[in-house]
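Before any comments, here is the structure.
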Amino acid sequence: MKNFLIFLSVLAIGINTVQAKDYAKMQIKEMKHAQKYGTTKQILQNKQTNITPVSVSVLNIKDPKIMKFGNYDKIPKDKYDEKLKKDEIKYEEYAIQLGKKHSKYYTTQADAEDFYKVYRVAEKIIRANKLDYMNWRICLKKNVNDVNAYSDGTNLITLTTAIFDTFADNDDALAFIIGHEMGHSLLGHYKRSAQLLKKMEREQNLAKSGNSAAALIYQGMKRKYLIDSKNMEYAADVEGAKLAMRAGYRLNDGNDILEFLSVYDISADFRNTHPSSDKRLENLSENSKYFPVDWKNIGEYNIYNSEVLPVKLSSDRKSIVISAAKEKLGSNNYYNPETMDEVYARFGYMYYVNGEFEKSLEYFGELFKLDQTNAPAYLYASYASEYLYKNTGNKKYLNLAKEYANKAQSLDSKNKYIKEQIGQVNNL
Ligand SMILES: [Zn+2]
């Protein structure tokens with residue numbers, strides 16, 4: 001019996017040895033995955049995507065700075081700082097109001113301090129961009145899991161407490177998040193997708209009743225809808241970055257949110273309708289190269305010439321309401337997305353200062369189909385053609401340089417830069 005027990009225990013040890021996992025080996029294998037998926041490094045190393053707009057040309061090319069993207073006067077720094085100081089007194093007044101008056105309600109949602117934070121960021125965006133024609137509402141919705149923000153196409157922007165808490169100390173990121181949602185609203189994305197969804201639903205119902213043609217149409221529409229959704233995200237990112245830049249926020253820190261999302265996995269639903277965060281970063285990085293410095297100046301001009309917008313809690317106590325400016329102006333005095341001729345003029349000019357002359361001519365060409373009255377644009381098109389002639393020796397560009405310079409002169413005969421350019425191209 002004794003021997004038998006010894007035999008059993010030896011057997012047990014034997015089985016144990018056969019079945020034992022090599023936990024060390026398993027861990028080593030796991031660490032290989034960690035090299036790829038580990039998050040800390042990715043979050044901290046993420047400053048690879050450089051999102052900095054070009055303000056002045058680094059190239060030694062002609063740029064008399066006569067193309068302006070918006071109407072403004074440059075506000076001297078001391079005057080601007082003085083105005084910001086004055087505004088600060090008003091902000092404090094509103095902060096006290098916000099806190100004292102409603103403090104008993106804050107237990108269910110955000111507290112006064114959190115609301116004040118989003119108020120300051122959103123208010124600056126609203127004023128810098130002249131979006132103060134209506135009340136804007138910002139809701140901090142309790143959701144500790146979902147790092148997300150959304151809006152419903154009206155003036156209501158919702159940040160989950162998860163996204164707010166993650167970026168609570170990063171005003172640039174909060175500005176980008178709020179700007180992105182405002183971008184969707186300003187570009188009319190909700191109406192656009194609602195219309196697509198309505199059409200899709202009609203075809204889907206027909207398909208369900210046995211209409212095979214409708215089934216095919218539905219599939220096609222669904223594909224288009226997903227592509228459109230992604231394109232709208234790219235556009236809202238660029239629009240949001242523009243709004244944030246005009247309000248003085250730094251794009252390179254604002255994109256922390258996209259870098260954050262690119263590290264973590266996100267829901268399949270989100271992935272279906274949104275491009276990957278890496279692609280969104282690429283899109284932002286590329287587009288912000290063509291943001292003119294005027295945008296920052298316009299923002300300062302608008303803030304300088306406006307008063308602090310009051311804030312209050314919404315009637316349901318779940319969001320804040322940032323009030324519209326008292327004075328009502330015509331629609332052209334407020335923010336509008338760029339018109340097509342403004343877009344082409346900007347890309348024509350920005351490609352030029354980036355030394356991409358062929359692209360510059362391409363977009364100026366598009367502009368001239370829509371608008372033949374922009375003398376500075378013709379001058380810059382002449383410059384771009386001149387450099388292309390010098391680089392390639394192709395006579396076609398020399399002719400273009402002359403043609404555009406003449407056109408500029410016919411529009412503005414007194415401009416000294418245009419006169420100079422006429423003289424120079426005629427000597428080539
Ligand atoms: Zn979006």
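Note that the stretch 294-428 presents 50 Å² accessible area per residue, ligands and nucleic acids not counted, probe 1.4 Å.
The fraction of Cα-Cα pairs per 10 angstrom bin, counted from 0 for the stretch 193-241, comes to 27, 40, 20, 10, 2 percent, rounded to whole percents.
Can you tell me what percent of all Cα-Cα pairs in the stretch 304-354 are more than 17 Å apart? Above the 17 Å cut-off, the stretch 304-354 has 63 percent of its Cα pairs.
Note on the stretch 236-352: Rg/Rh from C-alpha atoms, Kirkwood Rh, equals 1.03. The apolar share of the surface of the stretch 120-220, taken as the fraction of accessible area on carbon and sulfur atoms (1.4 Å probe, ligands and nucleic acids excluded), comes to 51 percent.
Cross-link check: pairs Lys65/Lys86; Lys396/Lys419; Lys117/Lys198; Lys68/Lys402; Lys74/Lys359 evaluated at a Cα-Cα cut-off of 27 Å; pairs beyond the cut-off: Lys65/Lys86; Lys117/Lys198; Lys74/Lys359.
Put simply, the amide H of Met134, placed in the peptide plane, has neighbours under 5 Å in Ala325, leaving out anything fewer than 5 places away on its chain. Helix 171-186 axis versus longest C-alpha principal axis of the chain: approximately 70°, rounded to the nearest ten. Legend: translational diffusion of the stretch 200-305 by Stokes-Einstein, Rh = Kirkwood radius over C-alpha pairs, 20 °C, 1.002 mPa s; D = 131 µm²/s. Our coupling estimate for the stretch 67-73, obtained by passing each phi through the Karplus curve with A = 6.51, B = -1.76, C = 1.60 and θ = phi - 60°, is 9, 10, 10, x, 9, 6, 10 Hz, Gly and Pro reported as x. Principal-axis analysis of the Cα atoms of the chain puts helix 375-392 at an angle of about 80° to the longest axis.
Of the whole protein surface, Tyr335 contributes about 10 Å² of accessible area at a 1.4 Å probe radius. Its DSSP H runs of at least 4 residues, each contributing -39,500 (n - 2.57), put the calculated 222 nm mean residue ellipticity of the chain at -21000 deg cm²/dmol, to the nearest 500. Using every pair of separate Cα atoms, the Kirkwood estimate puts the hydrodynamic radius of the stretch 310-428 at 16.6 angstrom.
Diffusion coefficient of the chain by Stokes-Einstein, Kirkwood radius over Cα pairs, 10 °C, 1.306 mPa s: 62 µm²/s. DSSP assigns beta bridges within the chain; of those with both partners inside it, close to 65 percent run antiparallel.
The values are calculated or read from the model by the stated rules, or taken from the named source; none is laboratory data. Please read these numbers as outputs of a predicted model, since none were measured by experiment. Please note that ligands, DNA and RNA were not included when accessible areas were found on the heavy atoms of the full protein model with its side chains. Shrake-Rupley method; radii C 1.70, N 1.55, O 1.52, S 1.80 Å.
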